[in-house]
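Comments concern the structure below.
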Amino acid sequence: MAYLSLAKIRRRKKRDGASYWLLPLLLAGLFIAVLLSLGIGGVSIPPLASAGHFFSYLGFTVSDLQPQEILILEAVRLPRTALGLAIGMALGLSGAVMQSLFRNPLADPGLIGVSSGAALAVVCVIVLGDTLFASFLEATSSYSLPLAAFAGSLATTALVYNLARREGATDVAVMLLMGIAVNAIVGSFIGLLTYIADDSELRSLTFWSMGSLSGAGEATWPSIGIMVLASLLLLRLSGPLNLFLLGETEAKHLGVATEGIKRQAALAAACATGAAVAAAGMIGFIGLIAPHLARLIGGADNRFVLPAAALLGALLIIIADTIARIIVLPAELPIGLVTSFIGGPFFFALLFREFRKRRA
Amino acid sequence: MTLSVNDVSVVIGSTPLLQNVTLGLVPGQFLGILGPNGAGKSTLLKVLSGELSPSHGTVTLDSTPLKAWRDETLARRRAVMPQASQLAFPFSARAVVAMGRWPYERMSSPFQNHRIVERAMAIADIRHLGKRSYPVLSGGEKQRVQLARALAQSFGTEDETDSKYLLLDEPTAGLDIAHQHAVLKAAKDQSKNYGTASMAVLHDLNQAALYCDQVALISNGKLIASGATADVMEPALLSKVFGCTITRQAQQGDSPLSFTSSL
C-alpha cells in the first residue's frame with residue numbers, strides 16, 4: 001500500500017518536475033503526528049480533545065480536558081514536542097545543506113567537527129568540571145552543559161573552516177579532510193578524558209551521548225531560538241546551493257558569491273546543530289536520513305529538499321520520541337538509541353535500493 | 001569593449017603556465033584557441049573566466065579589472081562551458097539547463113526563462129533528454145547539457161545591449177562528429193546573430209578553420225600567433241608548434257581551409 005502510493009508520487013514527480021505540492025502534505029502529516037504524539041504516553045489524551053483544548057484559547061471550542069491532563073499536555077509534552085520539532089528541523093536542514101555544500105550524499109554536520117567539538121566540551125565539563133572548570137560551572141549553573149556544547153561545536157567548526165582557508169578561498173575538499181583530521185584529534189581527547197572519568201561521570205557522559213528530549217523546558221528556549229534563526233538562514237541558501245551541486249567553479253561562473261555562501265552555510269549549520277546538541281545531546285542519523293527521504297519522494301532540487309528535509313526531520317524526531325517515551329514505560333529510552341535503531345536499517349534499505357537501481 | 005588579457009603570466013609553484021600573453025575577445029567573432037597538450041589553453045580560459053587570477057598582468061572586461069566585477073553582474077556577461085561537470089544528485093537534464101538562467105532569475109519572467117531554456121535545449125539537441133536524470137546520461141549527452149546551460153546563460157534577456165562572452169573549454173571532446181559540428185555551429189551562430197564574443201579551446205585544425213573567425217596559437221605558455229584564421233594557420237608554423245608535419249590543401253574557390261597531418 002505504502003509502496004504503491006510512493007510509485008504514484010514518483011510518476012507525478014516525473015510529469016510536472018517540481019514537487020512543491022508535497023510540502024503542504026508533509027506539513028499536514030507533521031501536524032497530525034504532533035497531535036497524536038501529544039496524546040501518547042503514561043496518560044493518554046485523545047488527539048481531538050487536545051486539538052479542541054488548543055482551539056479553546058482562540059475561543060472556537062470549549063476544552064473538555066481535566067486540569068491534570070492540561071498540566072501534562074502543556075507543561076510536559078508541549079515543550080518537549082516544541083524542542084523535538086526545532087531539533088528535527090535543525091538537524092534535517094543542516095544535513096541537507098552539508099550534503100549540497102560537499103556535493104556528497106553522505107555528508108553531515110559531524111564532518112566539519114560540529115558533533116565532536118560539542119562532545120569534547122561536554123566531556124570536559126563533566127569530567128573536569130569540579131576541578132578545572134569550577135568557576136565556569138558556578139557562573140552558568142544549569143546552562144553549563146548546553147553552553148559548553150554550543151561553544152565547542154562552534155569552535156571546532158571555526159577551526160576546521162579556517163584550516164581549510166588558503167589565500168582567502170576555502171576548498172570544500174580540503175575542508176572535508178581537515179574535518180577528518182580534527183575529528184580524529186578531538187576524538188582522542190574525548191577518549192583520554194573518558195579514560196580518566198569515574199563511574200558517575202561515565203554514566204552522565206553515556207546518557208548525554210545517547211541524546212534525550214527530557215531536558216525540554218525553559219532552559220532549552222535559547223537553543224530553540226538559535227535553531228529557528230539558523231534554520232531560516234539555511235533555508236534562504238537553497239537556490240545558490242542548487243548551483244553548488246554542479247561544482248563550485250560552475251556556481252561562481254553562474255554568479256554565486258561562493259565564499260559567502262560557504263561561510264554562511266558552515267556557520268548556520270554549526271549553530272543549528274550545535275544548539276540541537278546543546279539542548280538534547282547527540283541524536284544521530286536524522287541529518288543523514290531526512291534529506292535522503294526528501295530526495296526520494298520529491299527529487300533533488302534544493303528548493304524542495306531543504307524545506308522537506310526540515311519537515312521530515314521534525315516528523316522523524318516526533319515519531320522517535322514517541323517511541324522512546326512509551327516503549328519501556330514508566331522509564332524512557334534515550335532518543336538517540338531509537339533514531340539509530342530505526343535509522344541503521346533504513347539506511348541499509350536506501351543503499352540496497354540504490355544498488356538495485358544501478359544494476360537496472 | 002572587450003574581454004581581454006594584457007601581458008598576463010600565470011605561475012603555479014615555480015612552473016610558468018602562461019607567459020606575457022596579450023589577447024582580446026572581440027564581440028561578434030568566434031576565436032579558436034589551438035595548441036599542443038599542456039600549452040596553457042585551459043589556463044588562459046580560466047584566467048579569462050575569472051577562475052584563476054594571473055600572477056602578473058591584468059584581465060579586464062570593458063576596461064574594468066575582472067576582480068572589480070560582482071559575481072552576479074559578471075555572470076550576466078560571460079558564460080562558461082566546463083570540460084567536465086560532476087553532478088551526483090538526480091537533477092533532470094532540463095533542471096541543469098535551467099540553472100543557466102540563475103543570473104536572470106529576478107530580471108526575466110518564468111515564461112521567458114522557459115522559452116530560452118527550450119531554445120538552448122533545441123540548439124544542443126537534447127530536448128528528448130529533458131526529463132532524464134543527469135547522472136545517468138552518457139558523457140557526450142552530459143557535454144551537450146552543459147552546452148545548453150552555457151547557451152541559456154549567454155542568451156540573457158531581450159532588452160540587453162551589452163556584449164556577451166561565451167567561453168567553451170574543449171566543447172567537442174567526447175562528442176560524435178555530428179554533434180561536434182553542431183556545437184561549433186552553435187557558438188558561431190551565437191557570434192554572428194547576437195554579437196557574442198565566443199571562444200573555444202579546440203584540437204581539430206579543420207574544425208577550427210571551418211568555424212573560427214580568429215585563431216590564437218599557444219605553445220609552452222606563450223602566444224605564438226593570433227589573428228584571422230587564414231593568416232595564423234600557416235602549415236609551417238603549425239608544423240613547428242605541434243611537432244609533426246602538417247600540410248594545407250590548395251584552396252579552390254570558396255572551400256574552407258583543409259589540413260592533413262602526419263608524423
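For chain B, take the longest principal axis of its alpha carbons; what is the angle in degrees between that and the long axis of helix B:139-155, to the nearest 10 within 0 to 90? That works out to roughly 80 degrees.
For region A:46-58, the Karplus equation 6.51 cos²θ - 1.76 cosθ + 1.60, evaluated at θ = phi - 60°, returns couplings of x, x, 5, 5, 6, 4, x, 4, 5, 5, 5, 5, 8 Hz by residue, with Gly and Pro reported as x.
Annotation: the antiparallel percentage among DSSP beta bridges lying fully within the protein assembly as shown is about 65. Hydrodynamic radius of the protein assembly as shown by the Kirkwood approach over all distinct alpha-carbon pairs: 27.4 Å.
Here the residues B:D254, A:D171, ranked from fewest to most Cβ neighbours within 10 Å of their Cβ, fall in the order B:D254, A:D171. Measuring max minus min along each principal axis, the C-alpha atoms of chain A give extents of 65, 64, 39 Å (largest first). Note that region B:150-224 shows a convex hull volume over its alpha carbon atoms of 109 Å³ per residue. Where in region B:229-247 does the label zone of B:K222 land, with the point 7 angstrom along Cα→C-beta and an amide N cut-off under 17 Å? Label zone hits: B:237-243. Which stretch or stretches of region A:152-180 have amide N atoms under 17 Å from the point lying 7 Å from A:E259's Cα along the Cα→Cβ direction? Residues A:161-175 qualify, since their backbone N sits under 17 Å from the label point. Helix B:177-194 and the longest principal axis of the C-alpha atoms of chain B enclose an angle of approximately 80°.
Dipole orientation for region B:50-183: of the candidates B:V80, B:Q112, B:Q180, B:Q112 has the Cα lying most toward the positive pole (charges on Cβ; Lys, Arg +1; Asp, Glu -1). Quick one: which residues, 5 or more positions from A:S63 or on another chain, have an amide H under 5 Å from its amide H? H modelled 1.01 Å from N in the peptide plane, none for Pro or chain starts. Here the answer is none, since no amide H 5 or more places off falls under 5 Å of that of A:S63.
Applying the Karplus relation 6.51 cos²θ - 1.76 cosθ + 1.60 with θ = phi - 60° to region B:234-244 yields 3J(HN,Hα) values of 8, x, 4, 5, 4, 4, 5, 5, 8, x, 8 Hz, where x marks Gly and Pro. The distance separating the Cα centre of region A:48-92 from that of region A:287-335 comes to 20 Å. Near the amide H of B:L18, within less than 5 Å, lie the amide hydrogens of B:V10, all on another chain or at least 5 residues away, with H placed in the peptide plane.
Just subtract the alpha-carbon distance of B:S255 and B:H114 from 0.36 nm times their residue separation and send over the number in nm, one decimal. Spell out each step's value before the answer.
Working: separation 141, 0.36 × 141 = 50.76 nm, distance 3.90 nm.
Once the chain is fully extended between B:S255 and B:H114, it gains 46.9 nm.
Multiplying the sequence separation of A:L106 and A:I70 by 0.36 nm and subtracting their Cα-Cα distance, what value in nm do you get? Gain on stretching A:L106 to A:I70: 8.7 nm. Between B:N193 and B:T157, the contour length at 0.36 nm per residue exceeds the Cα-Cα span by 11.5 nm.
Tell me, what is the percent relative contact order of region B:1-79, built from C-alpha pairs under 8 Å that lie six or more residues apart?
37
A cut-off of 5 Å between modelled amide H atoms, ignoring neighbours fewer than 5 places along the same chain, links B:A225 with B:L217. Shown here for region B:40-121: trypsin sites (Lys or Arg not before Pro) in loop regions (DSSP other than H, G, I, E, B) with at most 11 other Cβ atoms within 10 Å, namely B:R70, B:R106. Remark: relative contact order (chain B) = 26 percent; criterion is Cα-Cα distance under 8 angstrom and separation of 6 or more residues. How many angstrom lie between the Cα centre of region A:213-276 and the Cα centre of region B:64-118? If you average the Cα positions of each part, the centres end up 23 Å apart. Computed over region A:28-109, the Cα gyration tensor eigenvalues convert (square root of 5λ each) into semi-axes of 35, 13, 10 Å, ordered from largest to smallest.
Sequence-ordered 3J(HN,Hα) estimates for region A:111-127 from the Karplus curve with 6.51, -1.76 and 1.60 and θ = phi - 60° stand at 4, 9, x, 4, 6, 5, x, 4, 4, 4, 4, 5, 4, 4, 5, 5, 7 Hz, glycine and proline given as x. Applying 1/(1 + (r/R0)^6) with r as the Cβ-Cβ distance of A:Y20 and B:R70 and R0 = 22 angstrom yields a FRET efficiency of 0.15.
This ranking places A:V43, A:V97, A:V127, A:V182 by how few other beta-carbon atoms lie within 10 Å of each, fewest first, which gives A:V43, A:V182, A:V127, A:V97. Once both labels are positioned 7 Å from their Cα atoms along Cα-to-Cβ, the gap between A:V174 and A:R303 label points is 3.3 nm.
For chain A, the 222 nm mean residue ellipticity estimated from helices alone, with every DSSP H stretch of n ≥ 4 adding -39500 (n - 2.57) and the total spread over all residues, rounds to -24500 deg cm²/dmol. As a proxy for reagent exposure, A:D108, B:D213, B:D7 were ordered by neighbouring Cβ count within 10 angstrom, fewest first; the result is B:D7, B:D213, A:D108.
A short reminder: the numbers here are calculations on the coordinates, not readings from a lab. Keep in mind that this is a model prediction, so the values were computed, not measured. Every residue, glycine among them, receives a Cβ derived from its backbone with ideal geometry; neighbour counts consider all protein chains shown.
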